[in-house]
Amino acid sequence: YTKDLIMNSQEMITDGHKFNRQFDLYYEASDNFMDDLKESNHLIASMAQMAPGKDWKMMSREVGDSVSNATMLKIAFEHRPPYYRAAWGAGLGVYLISQQQLQMLMPIADMNYNYALLKNNLLNIEVSVRGMVSLLAQVKVQATSEDKHSAMWGYGLGGETVLFPYSALSFKGHLYYQTMNFEDFPALTGISAPLDQISGIEMGLSVSYLF
């Protein structure tokens, strides 16, 4: 009986050492995969074109203007860790529309959240949601030199393709459907159509630098 008790005690000690070693290995592995916010950060320069939607088209028609797409220019930060499917970022940019009679200048701040459906070192295919805000969405009418402005808030849903997503230099293409809502945009002289919303498809390209 005493011999069996000693053997059982030795087995318990051995099992305890094994458990402790397994816990240490788990902790080391977990620590290796912890998301370090000081790493996997990308600086992104983007350019895109967006169809401005029906409100802008109606305004342009009233002043006899041809409709142009909005051009978006943006500098952004994105945290894209290689161990996770999710990425998130924030940026500052501007939307520009330049026509013969109507111009728009709209600085924006935005945030995005991406989730990779396909993920590897060569290519990511991601679904993306974004939100944006502007405190000074400005429209100018050339004929009257009148300009009015208001605040804007908006959102977009779409997808992104990232080539070499975790390399020092990567490239992105995106396709969004976006809606931008204007808060009580003031009426412009000679234009009866209201500017409540700009909505449409945006397509763009980006270059990303890992720092």
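The values are calculated or read from the model by the stated rules, or taken from the named source; none is laboratory data. Just so it is clear, the structure is predicted and the values come from calculations on it, not from any experiment. Neighbour counts are summed over all protein chains in view; Cβ atoms, including those assigned to glycine, are modelled from backbone coordinates with ideal geometry. Surface areas here come from the heavy atoms of the whole protein model, side chains and all, with no ligands, DNA or RNA. Shrake-Rupley method; radii C 1.70, N 1.55, O 1.52, S 1.80 Å.
When the stretch 169-200 is filtered for residues that are under 14 Å from the mean Cα position of the chain (by Cα) and aliphatic (A, V, I, L, M), only L175 remains.
Out of D15, D4, D31, report the one residue that is under 30 Å from L117 (Cα atoms) and modelled with pLDDT under 65.
D31
What number of residues within the stretch 53-82 are assigned to a loop (DSSP other than H, G, I, E, B) and in contact with a His (Cβ under 7 Å, 6 or more places away or on another chain)? Spell out how you get there, then give the answer.
Narrowing the stretch 53-82 to residues assigned to a loop (DSSP other than H, G, I, E, B): 53, 63-69, 80-82.
Among the residues that remain, those that are also in contact with a His (Cβ under 7 Å, 6 or more places away or on another chain) are: 80.
Total satisfying the criteria: 1.
For the stretch 43-88, a residue qualifies if it is in contact with a strand residue (DSSP E or B) (Cβ under 8 Å, 6 or more places away or on another chain), free of Cβ contacts under 8 Å to residues at least 60 places away in the same chain and hydroxyl-bearing (S, T, Y), and the qualifying residues are S60, S68, T71. Return the residues of the stretch 167-184 that are modelled with pLDDT of 95 or more, of a type outside the set (A, V, I, L, M) and more than 17 Å from K74 (Cα to Cα); say none if nothing qualifies. Passing the criteria: S167, Y177, T179, N181, F182. Of everything in the stretch 70-84 that is at pLDDT 95 or above and surrounded by fewer than 15 Cβ atoms within 10 Å (Cβ to Cβ), the residue that is nearest to N181 (Cα to Cα) is L73. Residue pairs whose Cβ atoms lie under 8 Å apart, separated by 6 or more positions or on different chains, with the first residue in the stretch 193-211 and over 30 Å from L37 (Cα atoms) and without any contact (Cβ under 8 Å) to a residue 60 or more places away in the chain and the second open to solvent by 90 Å² or more (accessible area, probe 1.4 Å) and in a loop (DSSP other than H, G, I, E, B), do not occur. Scanning the stretch 32-42 for residues that are open to solvent by 90 Å² or more (accessible area, probe 1.4 Å) and either in contact with a strand residue (DSSP E or B) (Cβ under 7 Å, 6 or more places away or on another chain) or assigned to a loop (DSSP other than H, G, I, E, B) (or both) gives F33, M34, L37, K38, E39.
Total residues in the stretch 83-105 satisfying the condition of being assigned to a strand (DSSP E or B) and more than 17 Å from the chain's Cα centre (by Cα): the figure is 7.
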